[in-house]
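Peer 1: Would you mind keeping the following structure in view while I ask a few things?
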Amino acid sequence: MGFGDFVAPLVGTQFPYGTYPTYSRDATLKETKSLAGSFAMFVGSILGMIVLEYALLVRDDEEWRLDPDEYRNIVGIAITATTAEAISGQFDNLVIVICVAVYAHFSGVLM
């Protein structure tokens, strides 16, 4: 998720396609995000989690492979993080962590 949150504003600024309004603590400010940035958040989150999983689980002589449940969890976390980032405006870093923790708890990832 950290990688996705890092690349989202970079891609969204460079390619501001499909802008949409997002929450702002100041009603006079019109904050927007873009679909391109949100897509980058989604893809970056998936890639970041796969790299992290690989780094944490691979040993010298092991063959590394994700099972279908791990793919489901990775995509579910990426969707949750992307949705939280899309609607939370300036508070996205805090909201992403809370939403992903709730998702992980109820989906059984944190067992």
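Peer 1: Helix by helix through the chain, keep the DSSP H runs that span 27 Å or more along the axis on Cα and average at least 1.0 on Kyte-Doolittle, and give those back in order.
Peer 2: Values: long enough: 35-57 (33 Å, 1.90); 68-87 (29 Å, 0.28).
Membrane-span-like by this rule: 35-57.
Peer 1: What does the highest-first list of 90-101, 2-13 look like by mean Cβ count within 10 Å?
Peer 2: Details: 90-101: 15.9, 2-13: 17.9.
Descending mean neighbour count gives 2-13, 90-101.
Peer 1: Let me ask something additional. Points 7 angstrom from Cα along the Cβ direction at Thr22 and Ile87: gap in nanometres?
Peer 2: Each label point lies 7 Å from its Cα, and together they span 1.4 nm.
Peer 1: On to the next question. Calculate log10 I(q)/I(0) of the chain for q = 0.20, 0.22, 0.23, 0.24 Å⁻¹, where I(q) comes from the Debye formula with a single equal point scatterer on each Cα and nothing for solvent.
Peer 2: Relative scattering, expressed as log10 I(q)/I(0), comes to -1.03, -1.16, -1.23, -1.29.
Peer 1: Hey, another quick one. Which order do the peptides 43-52, 66-75 take when ranked by the mean count of other beta-carbon atoms within 10 Å per residue, highest first? Walk me through the intermediate numbers first.
Peer 2: Working: 43-52: 18.5, 66-75: 13.4.
Ranked by mean Cβ neighbours within 10 Å, highest first: 43-52, 66-75.
Peer 1: Once you place label points 7 Å from the Cα toward the Cβ at Glu31 and Leu10, how far apart are they in nm?
Peer 2: 2.2
Peer 1: A further question follows. Can you tell me the length gained on complete extension of the stretch Glu63 to Val102, counting 0.36 nm per residue apart and subtracting the Cα distance? Working shown, then result.
Peer 2: Details: separation 39, 0.36 × 39 = 14.04 nm, distance 3.12 nm.
Separation in residues times 0.36 nm, less the Cα-Cα distance, equals 10.9 nm.
Peer 1: Related question: Hey, in the GNM for the chain with a 10 angstrom Cα cutoff, which one of Gly76, Gly37, Gly18 fluctuates hardest?
Peer 2: Gly18
The numbers here are math on the coordinates, done by the rules we state, and not lab data. The structure displayed is predicted, hence computed values, not measured ones. Reconstructed Cβ throughout: ideal geometry from the backbone, glycine too, with neighbour counts over all protein chains shown.
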